[in-house]
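All remarks here apply to the structure that follows.
The values are calculated or read from the model by the stated rules, or taken from the named source; none is laboratory data. It should be emphasised that the depicted structure is a prediction, and the values quoted were computed from it without experimental measurement. Backbone-built Cβ (ideal geometry, glycine too); neighbour counts: all protein chains shown. The protein model used for the area step is the full one, side chains on, heavy atoms only, and it has no ligands, DNA or RNA in it. Shrake-Rupley method; radii C 1.70, N 1.55, O 1.52, S 1.80 Å.
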Amino acid sequence: MSSVRIQVLHQLLENEKEYLSGEELSKVLQISRTAVWKHIEELRKEGYVIEAQKKQGYRILEIPTTLSASTLLPKLSTKWLGHELHVYKEVESTQLIAQKLAREGAPSGTIVIADTQLAGKGRLGRKWYSPPGTGAWLSLILRPEIPVPSAPQLTLLAAVAILKGIRKVTPLEAGIKWPNDVLINGKKVAGILTELSAEADQINHVIVGVGINVSQEEKDFPEELQQMATSLEQEQGESIDRNDLIVSVLKEWEELYEMYIQYGFSPIKTLWEAYTVSLGKEIVARTLQGQYQGLALGITDEGVLLLQDREGVIHKIYSADIKTV
Ligand code: BTN
């Protein structure tokens, strides 16, 4: 959407209850009245319902709930995160697009969103089901100047952002299961896949992919996931606007990331620990190297899980699927 059209939208949204005359709009935005009218027509084509009253002006009545840059940008109140925004109807995976953009020099904070993914990627080489119109499937490009071993911290940071973002737009009590699953009533509602590009000891970029199940019903999940997965609407019993959810998560993400850059991982770790449902419990961790059972003691400053087995040996778990026993 052109930046002028976004400004027209901003004006209409700021004055949602009142009429704004073509003259006022043309003065504020320094464009002709014909240009104002053309932008209004284009917005209508995109699904905005805008009333026009003679002598009074324009008034916005309805905002489309489809996912697009034009429905997201006017609601986005971040300072930088998501200002470069790529929204697609259908992609293989938003991770692949973000990786390509990152290699081409896209700035930190660039967001790629898709309505559906044909080959959505989950952790540990799994597939991530991303049917059309049902979820928030997005990838964020970050370029942090941090040591390579600290990169897992960004996954934990993202989990806190998703959780806080969900809590702002729903009354749902979400919790975090190490390292990166967001659960509601014990079922997974969101997952995170962090992919890193680094050379020697320097990070080029990190792509943090987030999948949030918004409106699937139980039958929409593959059978093997039905007992483990859920969606926000299933839990809330009410519909949720994906645009509101996404801008809420992005806002929290930006605040947490700025806090992280300024003060380090410590405040993020404290928040993560407050929201986690994994610590202090007997768990089984299945890693690519083997299985460990024991007490989930805590996380290190790198975001790595510490598991103490029956012999008292403490194992550092970098990546695994965990289950409470
Ligand atoms: C997990 O296995 O829990 C991680 C799931 C991550 C899914 C998201 S959806 C947006 C982004 N694009 C992908 O292909 N995967 C991530």
Top-ranked residue in the stretch 9-35 [being farther than 17 Å from Gln56 by Cβ and of a type in the set (A, V, I, L, M); ranked as least open to solvent (accessible area, probe 1.4 Å)]: Leu9
Scan of the stretch 122-142 for residues that are touching a residue at least 60 places away in the same chain (Cβ under 8 Å) and surrounded by fewer than 16 Cβ atoms within 10 Å (Cβ to Cβ), ordered by number: Gly122, Leu124, Gly133
Subset of the stretch 169-205 [away from the ligand (no atom under 14 Å from the Cβ), within 27 Å of Glu145 (Cα to Cα), open to solvent by less than 50 Å² (accessible area, probe 1.4 Å) and touching a Ser or Thr at 6+ places or on another chain (Cβ under 7 Å)]: His205
Any hit, the stretch 75-93, residues being at pLDDT 95 or above, near the ligand (Cβ under 8 Å from one of its atoms) and under 29 Å from Val8 (Cβ atoms): no
Among (1) at pLDDT below 90; (2) among the hydroxyl-bearing types (Ser, Thr, Tyr); (3) open to solvent by 90 Å² or more (accessible area, probe 1.4 Å), the one test that Ser278 misses: (3)
Breaking point among (1) farther than 20 Å from Val87 by Cα; (2) in a loop (DSSP other than H, G, I, E, B), for Lys188: (2)
Count of the stretch 122-166 residues which are within 15 Å of the ligand (Cβ to nearest atom) and acidic (Asp, Glu): 0
Residues located in the stretch 109-121, provided they are open to solvent by less than 10 Å² (accessible area, probe 1.4 Å) and within 6 Å of the ligand (Cβ to nearest atom): Gly120
Index of the failed condition, Leu225 passing every other in (1) surrounded by fewer than 21 Cβ atoms within 10 Å (Cβ to Cβ); (2) in contact (Cβ under 8 Å) with a residue 24 or more places away in the chain; (3) within 18 Å of Ile111 (Cβ to Cβ): (3)
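Can you find, within the stretch 116-162, the residue that is modelled with the lowest pLDDT among those that are part of a helix (DSSP H, G or I) and under 18 Å from Thr230 (Cα atoms)?
Quick first cut of the stretch 116-162, residues part of a helix (DSSP H, G or I) only: 123-125, 148-150, 152-162.
Going one step further and asking which of them are under 18 Å from Thr230 (Cα atoms), we end up with 123, 159, 162.
Numbers: Arg123: 89, Ala159: 96, Ile162: 98.
Among those residues, the one meeting the criterion is Arg123.
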